[in-house]
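Just so you know, all these numbers are worked out from the coordinates, no wet-lab data involved. Just so it is clear, the structure is predicted and the values come from calculations on it, not from any experiment. Every residue, glycine among them, receives a Cβ derived from its backbone with ideal geometry; neighbour counts consider all protein chains shown.
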Amino acid sequence: MKQILVATDFSASAGNAMEYAMSLAKILNMEVCAIHAIHPTEGIDNNTYNAIFIDDYYNNKREALKAWAAGYTAKDEYKDIEVNTLCGVEFLKNVITRYIEENYVELLVMGITGSTGITGIVGSNASMMIEVVKVPTLVIPLESKFSENPVITLATDYETRLSAQDVNALNEIVTAFGTDKMQVLYVGEEESKSIETGEIKLQELIKNTELEFNYISESRPLKGIMDFVEKNETDILCLVKHHHNILYRLFNRSTVNQVMNKTVKVILVLHE
């Protein structure tokens, strides 16, 4: 069965991400796995006494993770969702990538502190995982809550192609939410010959909802994007991760922090 993988460090932001993932799993009919990484030196501190009892420390961590997850499965609205836990002794990126390689993970969900949009990702564990994994990744700011009827906006330049896995995930999400219309925001030269071709290709890929095409060709595309998502009350902003992609470069600039905090609740990072 397809899974939603939730990375947790037991923080408030991780808890909020878990709540969001459980709500999403309910409508997508998926399992959830809560995963926690124990740093290789955690619990030892170069102390011989601690090293002797390290197995007890690891077992306590595993039990703590199970108890943490049980706090969500105990809720009536989530009682039918199967939740598993995994506590690995390794660096976070290794624990997550190995799990994804061995299991059918549809989405990776990670929380970040504060409603700072994608700027809050930079330098965080979420940023690191976006760089190394190829599965669609939902980044949930602490103050964001699940919406049953989200406004979804896909920002694109039509030059970066979505992977088959991301197309499938996006179609499943819009279908599960019953999204009648998804906003598509093109950023680039409005007279570009790629616009019509890009629209046709996107319509062929995203078949489960109507696409409404919008355009930004101004000299300040970042402001244009922010104005658009705020005006349209975007709940989920989809970006395609590619270092040469103008959109991804824009959203890694620190200046976004000033305008992102009240506009976008959730970032869905897709991949080529």
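Quick notes on this one:
- Placed amide H near GLY111: partners under 5 Å, 5+ positions off or other chain: ILE140
- Peptides ranked, highest mean first, by Cβ atoms within 10 Å: ranges 94-101, 137-144, 201-208: 137-144, 94-101, 201-208
- Each peptide in 148-161, 53-66 was scored by the mean count of other Cβ atoms within 10 Å over its residues; highest first, the order is 148-161, 53-66.
- Global geometry of the range 138-214, whether rounded, prolate or oblate, following the gyration tensor of its Cα atoms and the 1.5 cut on a/c: prolate
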